[in-house]
Amino acid sequence: MDSEKCGKCGKAATSLCINCKSAFYCSRECQKSDWKSHKNQCRSFEIVNDEKVGRLLRASRDISAGNVLISETPVIIGPKWTLDQDEEMLKFTCVGCFETIKTLYHKCPSCNWPACSTECIGLLNTELHDIECQFLKCGKGPEDKTNIKSIKDYFRMDTMLALKILLLQRKNPKRFKTIMDMISNEKNRLLTSNFKEAEEKIIFLEENFLKPLEKAEEKSGQILLPLKDRKTLHKIFGIIETNAIYINLQTGTEICGLYPSAVFLQHSCLPNITYKFDMKNGFKISVKAARDLKKGEVLTTSFTHVLWPTSVRQQHLMDTKYFNCNCERCIDPTELGTNFATLRCIGSDEEPCNGFQTQTSKDEYSCNKCPIKVSMEHVNMITERMNEEVDNLLAMSPNPGTIEDLIDKLSPFLHPNHYLLFNLKHTLVQLYGNHKDYPYDSLSIDTFKRKLNMCEEMLKVVIALDPLSIRISFYTSILFYEKAMCMLEMHKRKYDNIDLNELKKCLEDAQKIISVEEDLMEGKQLLQKIENALIKF
């Protein structure tokens, strides 16, 4: 760097731009003052209009893994627009910070909506509750203040994000325009349950806030919100559903936000970027390259769950985003060789078959050894019944024995890597040695062998489906940790075939993978367990 000159003042350079690694400077002051002219060169992505998918982000140069691509604050932040499934539970959401609260002991001093504390930092934040506080103050309030159902029906936090956006046209017209320019999928939504649910939320907003506002506008002769019709509100709900990014708070509570550039990230079941949020800095998003990227590559994230089979992922994408995915995993019947949704072929009455059935078309599964085909309708019926059994068992805090029984029951019909067996096995390996009735010292060496084999099989699956450990870091880290604990116990029992270097590497891999989730309570707890194991080792 001795021969390089500062791009601003011409003196001998001592540092590189930490982002693009191509501009030289002699001091931080020079780098700051040169930013206006350098930022376009420094920017590592470009927004491109594609005929098929619309606007997308593309790498504008070769980018190394770990480099920051986008760092930006949200246009708007708010609670989720979907209600929790268990509507019977007595809980509310703080209107300031969006955390779950179980009582109405505290309220915002101004609008009287539920709060975690009268001193909640979100209540006076101009980017959070301040947007809607004065508007909520004019609401009708619960019909019956002594009836808990009436109270819950009024404090509808699933409408709050849409209301915040509507109010931006007065609070911040520039941000309102930015949001209204986003894709809303209005035509695709018309006959969907999303549209019907939005209609119900719009009626709530009209009855409690917008009609009273219209009367006040007529009385004063002043228009406070020019746009508040149903068409505008449906567009807003469509924009939220299509573009909002979920944010996990440290306690596990989910909220969501709309971001000006990150909104153009495309979907892939094998994404190439990862992102984190800075909770202390206005929920700023930091998007990084998860691997080395070539100039021109489209930047992708995943809008669905990695541990869902292709049929479920595709249905979810069609229901929520209105498109089909044609990524490498989705077009492969074996799901990248994992057989994550593959069934065993039972053959005919005359001759059993040892083959496997994979989805070979939209409507049917076919065997790889015999001519038998099974309709997709029949496959769905079978797997739905099995899925119900799995869900019911896991909801009952089962012991290893009951999980083993269900695995044995389902195994004649499913590939060993099938997602239903995967869910059961992932729970089982965590219970072996950790359940009160199955402590480590009570387990046989054969049980340890079984646990070790399951960990190794599942690690092959998660590494194939999420090779960069972007989306299921918890699952992957837990498997490495449980494999290491199993090997350690086998080593204590003088079992010969334990490689201590492999054991240590499992713990180090588990530590590295979960470290990206240490801001979350669950991530911090798992990381602590792994670090304790490394110290003991």
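A short reminder: the numbers here are calculations on the coordinates, not readings from a lab. None of these values were measured; they are calculated from a predicted model. FYI the Cβ positions are ideal-geometry reconstructions off the backbone, even for glycines, and counts take in every protein chain you see.
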Problem - On Cα atoms only, tilt of 230-243 relative to the major axis of the chain in degrees - result: 40
Practice task
Would you mind pulling out the separation of the Cα centroids of region 47-119 and region 153-227, in Å?
Solution key: 17
Exercise for the section: Pick out, from Asn434, Cys97, Val306, the residue whose Cα sits farthest towards the positive end of the charge dipole of the chain, with +1 on the Cβ of Lys and Arg and -1 on the Cβ of Asp and Glu. Expected result: Cys97
Fill in the blank from the handout: Ordered by fewest other Cβ atoms within 10 Å, a rough proxy for footprinting exposure, Glu457, Glu119, Glu51 read Glu51, Glu119, Glu457
Problem - Relative exposure of Trp308, Trp113, judged by other C-beta atoms within 10 Å (fewest first) - result: Trp308, Trp113
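Would you calculate, for the chain, the mean residue ellipticity at 222 nm contributed by helices, counting each DSSP H stretch of 4 or more residues as -39,500 (n - 2.57) and dividing by all residues, to the nearest 500? Walk me through the numbers before you get to the answer.
Numbers: 18 runs with 213 residues, N = 537.
The per-residue figure over the chain is -12500 deg cm²/dmol.
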Problem - Rounded D (µm²/s) - region 83-243, Kirkwood Rh over Cα pairs, Stokes-Einstein at 20 °C, 1.002 mPa s - result: 129
Handout entry: Lys, Arg +1 and Asp, Glu -1 on Cβ, resulting dipole of region 42-180 about Cα centre, debye, nearest 20
Key = 480
Problem - Interchain or long-range residues, amide H under 5 Å from His106's placed H - result: Ala115
Problem - Residue-wise HN-Hα coupling along region 274-282, computed from phi with Karplus coefficients 6.51, -1.76, 1.60 (Hz; x: Gly, Pro) - result: 9, 9, 9, 10, 9, 5, 8, 10, x
Exercise for the section: Would you list the P(r) distribution for the chain, with all Cα-Cα distances sorted into 20 Å bins from 0 and each bin expressed as a whole %? Expected result: 17, 45, 32, 5, 0
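If we sort 492-500, 367-375 on the protection proxy, mean other Cβ atoms within 10 Å, highest first, what's the order?
Details: 492-500: 10.9, 367-375: 14.3.
Final packing ranking: 367-375, 492-500.
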Problem - Karplus (6.51, -1.76, 1.60) ³J(HN,Hα), θ = phi - 60°, over region 365-377, in Hz, Gly and Pro reported as x - result: 9, 10, 7, 8, 10, 9, x, 5, 10, 10, 5, 4, 4
Completion exercise
XL table Lys91/Lys164; Lys91/Lys140; Lys211/Lys231; Lys321/Lys460; Lys177/Lys228; Lys140/Lys164; Cα-Cα > 25 Å flagged, in table order, is Lys321/Lys460
Practice task
With a/c under 1.5 counting as rounded, go ahead and sort region 47-148 into rounded, prolate or oblate using the C-alpha gyration tensor (a ≥ b ≥ c being the square roots of the eigenvalues; past the cut-off, prolate if a/b is larger than b/c, else oblate).
Solution key: prolate
Practice task
Using the Cα centre as the reference, give the magnitude of the dipole from point charges on the C-beta atoms of the chain (Lys, Arg: +1; Asp, Glu: -1; all else neutral), rounded to the nearest 20 debye.
Solution key: 2340
Handout entry: Descending principal axes extents, region 432-536, alpha-carbon based, whole Å
Key = 36, 27, 27
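Determine, for Cys97, Cys269, the number of other Cβ atoms within 10 Å of each Cβ, and report the residues in order from fewest to most. Spell out each step's value before the answer.
Details: Cys97 21, Cys269 26.
Fewest to most other Cβ atoms nearby, the residues stand as Cys97, Cys269.
Quick one: grab the alpha carbon gyration tensor of region 266-357, order the square roots of its eigenvalues as a ≥ b ≥ c, and give me rounded if a/c is under 1.5, else prolate or oblate depending on whether a/b is larger than b/c.
Working: a/c = 2.96, a/b = 2.49, b/c = 1.19.
Since a/c reaches 1.5 and a/b is larger than b/c, the shape of region 266-357 is classed as prolate.
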Handout entry: DSSP beta bridges in the chain [antiparallel fraction, %, rounded to 5]
Key = 95
Problem - Eligible aspartates and glutamates near Lys187 by straight Cα distance, threshold 20 Å, same-chain separation 8 or greater - result: Asp50, Glu51, Glu197, Glu199, Glu200, Asp229, Glu241, Asp319
Completion exercise
Cα-based Rg then Dmax for region 242-283, in Å, read 11.3, 30
Fill in the blank from the handout: Under the 7 Å Cα-to-Cβ spin-label approximation, Asn188 and Ser117 lie apart by a distance in nanometres of 4.3
Completion exercise
Of the residues Ile382, Tyr481, Thr402, the Cα lying farthest along the dipole of the chain towards its positive end, which is defined by charges on the beta carbon of Lys, Arg, Asp and Glu, belongs to Tyr481
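Once you keep just the Cα pairs under 8 angstrom separated by 6 or more residues, what percentage relative contact order results for the chain? Please report the intermediate quantities before stating the final value.
Numbers: 808 pairs, mean separation 61.0, N = 537.
Computed over the chain, the figure is 11 percent.
Decide, for region 374-415, between rounded, prolate and oblate: order the square roots of the alpha carbon gyration tensor eigenvalues as a ≥ b ≥ c, take rounded if a/c falls under 1.5, and otherwise choose prolate if a/b is larger than b/c, else oblate.
On the way: a/c = 4.91, a/b = 1.81, b/c = 2.71.
Oblate.
Can you tell me the relative contact order of region 432-536? Whole percent, Cα pairs under 8 Å, sequence separation 6 or more.
The normalised contact order for region 432-536 reaches 22 percent.
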